[in-house]
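The next block holds one structure in the form of structure tokens; read it before the comments.
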Amino acid sequence: MNVLRFLFFAVLIAINACQPDGKTSTSKNVFRYNETKGISTLDPAFAKSQTLIWPDNQLYNGLLEMDDSLRLRPSVAKRWEVSADGLTYTFYLRNDVYFHDNSVFLQGKGRKVVAPDFVYSFRRIVDSKTASPGAWVFNNVDRPDSSGIIALNDSVLQIKLRKRFAAFAGLLTTPYCFVVPREVVEYYGDDFRSHPVGTGPFMLKTWREGEKLVLVKNPHYFEKDSAGRRLPYLDAIAITFISDKQSEFLEFVKGNIDFLSGVHTAYRNELLTRGGKLNPKYARRFAMAVQPYLNTEYLGCMIDPQKMSGNPLLNRKVRLAINSGFDRAKMLKYLRNNLGTPAYWGIIPKGLPGYIEQGEGYRYNPDLSRRLLAEAGFPDGKNLPEITLTTTSDYLDLCEFIQHDLSQIGIRLKIEVSTGATFREMVANSKVQLFRASWIADYPDAENYLSLFYSPNHSPQGPNYTHFTDASFDHMYESALSEDDANKRILLYRDMNHKIFEDGVIIPLYYDMVVRFYPKNIRGFAGNPLNLLKLKTVRKIN
């Protein structure tokens, strides 16, 4: 055991010895969590990552929201209707929803939300001057910058589509569709990112960037619990920005953080047993919640010869050889404590209609990989160029595992570790051969995953980072968008998923799990397959 590791566990022992009852001296009404990657903006127009979505979920509301079972339910809209032809959506708004108090409003009091606020918010997203990454949400809206999104009066909003799209209402639950007040956005301009005003259960108190973000209870929030008590229960949310995962874990064990999300190598073996259960030494103080997560972890192959000529991954059989050339089950067991499902069957994750376990899939089969390499013209990997796999440091262990297994069949991987911003820029602009990626559902429909392979969505304008192009796939995708029959749509999803599988466009790694750790004095902290952070119904007890 090296000195650093010895000191780490010595601190853990001291913490446990000094706090046998697990109690802390901090306020019971403040929920505290840490964001290791930092928060760059609180403007929902730019909420493209979980890091940004979590605080925005506390600050804002949209027309609709997803419950923890991923069912659509009203939010600012009390009800909605869809026309018989599926092209017109009409939303009827509540009359008791108010923006947070702010000095920009008359007498500093937040005003009532009306339908024109949604017209402004949605048109702002599609405005090229905003440069929101969420403009795609309205791609199927007919003239979204004008007559496609209109207010019939203060309480009725209407949206018109160009084509039927059964999953459209689900799109409106994304943070891009949260309502914001025009006068406040225009007053602050670019600084709205740090002066957010929404309708949510919490509002901004203070933000010292890189140090601490504090949100406090919105006393005028419109939602109530089943007993008629106004939400939220908490007085405040405090977010810190400790970048080191090991330090974050120590703060959690000391009682200074109320929540850990996911399992990191820095503390995985301390907190979990090999079988993926909570370490018994922590079972008295902490709870562990696990459920399926609509997140697929994968490696993406750049297969556009115009963007990257000479890439050996342009050869389909090389891609298929990689897919059969490493042991996903073993990788999950030793690197993720079995928290996840090996991804043998494509991009659609377990838990979504369209997912299907069909045949052997991409199970570990080195003999098959060797045969595919020989058929590709590279027997035992001879003359196969080295392939560069680009990743971030968080996934280095997975990439090194794959690198080792593939080396046994003659495939040489060179791993390049890049920082988050640089990595995203390289992937979006087709500067990498093979890249580690994940796709977390924006809304619970398999179309969200299959859009990654629709040819009009080629990056950097869209999320098709592999630049996969196939006319039959595009035809099925377009047919699914306008298919109202759920069973027929799911069959199309399965056919598209199988097409991606057969072409080996990606190397799926595993279908993820939502894993949360929190003190046992936390109540109402429910998880969901989108891993949304919902704190309006959370409370802390003594």
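The values are calculated or read from the model by the stated rules, or taken from the named source; none is laboratory data. Quantities reported herein were computed from a predicted structural model and do not represent experimental measurements. Please note: Cβ atoms are built from the backbone with ideal geometry, for glycine as well, and neighbour counts cover all protein chains shown.
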Notebook entry, point to check: What number of residues in region 306-325 are in a loop (DSSP other than H, G, I, E, B) and out of contact with any Leu (no Cβ under 6 Å at 6 or more places or on another chain)?
Noted result: 7
Next item on the list: Identify the single condition in (1) part of a helix (DSSP H, G or I); (2) under 18 Å from Phe99 (Cβ atoms); (3) hydrophobic (A, V, I, L, M, F, W, C) that Val197 does not satisfy, given that it satisfies every other one.
Entry: (1)
Check: Limited to region 236-268, what total is found for residues that are more than 27 Å from Leu204 (Cα to Cα), in contact (Cβ under 8 Å) with a residue 60 or more places away in the chain and of a type outside the set (A, V, I, L, M, F, W, C)?
Finding: 4
Notebook entry, point to check: What are the residue pairs meeting all of these: first residue in region 414-425, first residue within 15 Å of Thr51 (Cβ to Cβ), second residue part of a loop (DSSP other than H, G, I, E, B), Cβ atoms under 6 Å, and 6 or more apart or on different chains?
Noted result: Gly420/Thr392; Phe423/Thr392
Next item on the list: Could you check, for region 501-509, whether at least one of its residues is part of a loop (DSSP other than H, G, I, E, B), over 18 Å from Arg316 (Cα atoms) and either under 18 Å from the mean Cα position of the chain (by Cα) or not aromatic (Phe, Trp, Tyr) (or both)?
Entry: no
Checklist line | Restricting region 48-62 to residues that are not polar (S, T, N, Q) and not in a loop (DSSP other than H, G, I, E, B), the residue that is surrounded by the most Cβ atoms within 10 Å (Cβ to Cβ) | finding: Pro55
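Out of the residues in region 406-417 that are more than 17 Å from Tyr364 (Cα to Cα) and out of contact with any Ser or Thr (no Cβ under 6 Å at 6 or more places or on another chain), state the one that is surrounded by the most Cβ atoms within 10 Å (Cβ to Cβ).
Selected residue: Leu413.
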Margin query: Anything in region 63-85 that is touching a Pro at 6+ places or on another chain (Cβ under 9 Å), outside any strand (DSSP E or B) and modelled with pLDDT of 95 or more? List them, or say none.
Written below: Leu63
Next item on the list: Could you tell me which of the residues Ala236, Ala289, Ala283, Ala266 is among the small types (Gly, Ala, Ser) and touching an Asp or Glu at 6+ places or on another chain (Cβ under 9 Å)?
Entry: Ala266
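Quick grid of which residues meet (1) touching a Pro at 6+ places or on another chain (Cβ under 8 Å); (2) of a type in the set (A, V, I, L, M, F, W, C); (3) on the phi > 0 side of the Ramachandran plot:
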| residue | (1), (2), (3) |
| --- | --- |
| Ala446 | yes, yes, no |
| Ala471 | no, yes, no |
| His475 | no, no, no |
| Asp485 | no, no, no |
| Ile490 | yes, yes, no |
| Lys499 | no, no, no |
| Tyr510 | yes, no, no |
| Leu530 | yes, yes, no |
Check: Filtering region 138-158 down to residues that are in a strand (DSSP E or B) and over 26 Å from the mean Cα position of the chain (by Cα), which residue is farthest from Tyr89 (Cα to Cα)?
Finding: Asn153
Item checked: Selection from region 259-308 of residues that are surrounded by 15 or more Cβ atoms within 10 Å (Cβ to Cβ) and hydroxyl-bearing (Ser, Thr, Tyr) -> Ser261, Thr265, Tyr267, Tyr282, Tyr293, Thr296, Tyr298
Check: Among Gly86, Gly110, Gly148, which is the only one that is in contact (Cβ under 8 Å) with a residue 24 or more places away in the chain, surrounded by 15 or more Cβ atoms within 10 Å (Cβ to Cβ), of a type outside the set (Lys, Arg) and within 27 Å of Pro456 (Cβ to Cβ)?
Finding: Gly86
Check: Within region 51-98, how many residues are within 28 Å of Pro219 (Cβ to Cβ) and of a type in the set (Ser, Thr, Tyr)?
Finding: 5
Next item on the list: Any residue in region 341-359 that's within 21 Å of Ala437 (Cα to Cα): show its pairings with residues that are at pLDDT below 90 and not in a loop (DSSP other than H, G, I, E, B) at Cβ separation under 7 Å, as long as the two are six or more apart or on different chains.
Entry: Lys350/Pro292; Gly351/Pro292
Check: Gly346 fails exactly one of the following numbered conditions: (1) surrounded by fewer than 21 Cβ atoms within 10 Å (Cβ to Cβ); (2) part of a loop (DSSP other than H, G, I, E, B). What is the number of that condition?
Finding: (1)
Notebook entry, point to check: When you go through Phe473, Phe435 one by one, which is the residue that is under 15 Å from Tyr298 (Cα atoms), at pLDDT 95 or above and of a type in the set (Phe, Trp, Tyr)?
Noted result: Phe435
Notebook entry, point to check: Just checking, which of Arg319, Arg336 is at pLDDT below 95, surrounded by 22 or more Cβ atoms within 10 Å (Cβ to Cβ) and basic (Lys, Arg)?
Noted result: Arg336
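Is it the case, given these coordinates, that Arg285 is more than 27 Å from Gly410 (Cα to Cα) and among the basic types (Lys, Arg)? First the steps, then the outcome.
Numbers: more than 27 Å from Gly410 (Cα to Cα): yes; among the basic types (Lys, Arg): yes.
Answer is yes for this residue.
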Item checked: Filter result for the condition that a residue is out of contact with any Asp or Glu (no Cβ under 9 Å at 6 or more places or on another chain), in contact (Cβ under 8 Å) with a residue 24 or more places away in the chain and of a type in the set (Ser, Thr, Tyr), over Tyr120, Tyr92 -> Tyr120
Notebook entry, point to check: Which numbered condition trips up Glu248, out of (1) in a loop (DSSP other than H, G, I, E, B); (2) under 24 Å from Phe31 (Cα atoms)?
Noted result: (1)
Notebook entry, point to check: In the set Leu373, Leu368, Leu299, which member is at pLDDT 95 or above, among the aliphatic types (A, V, I, L, M) and touching a Cys at 6+ places or on another chain (Cβ under 9 Å)?
Noted result: Leu299
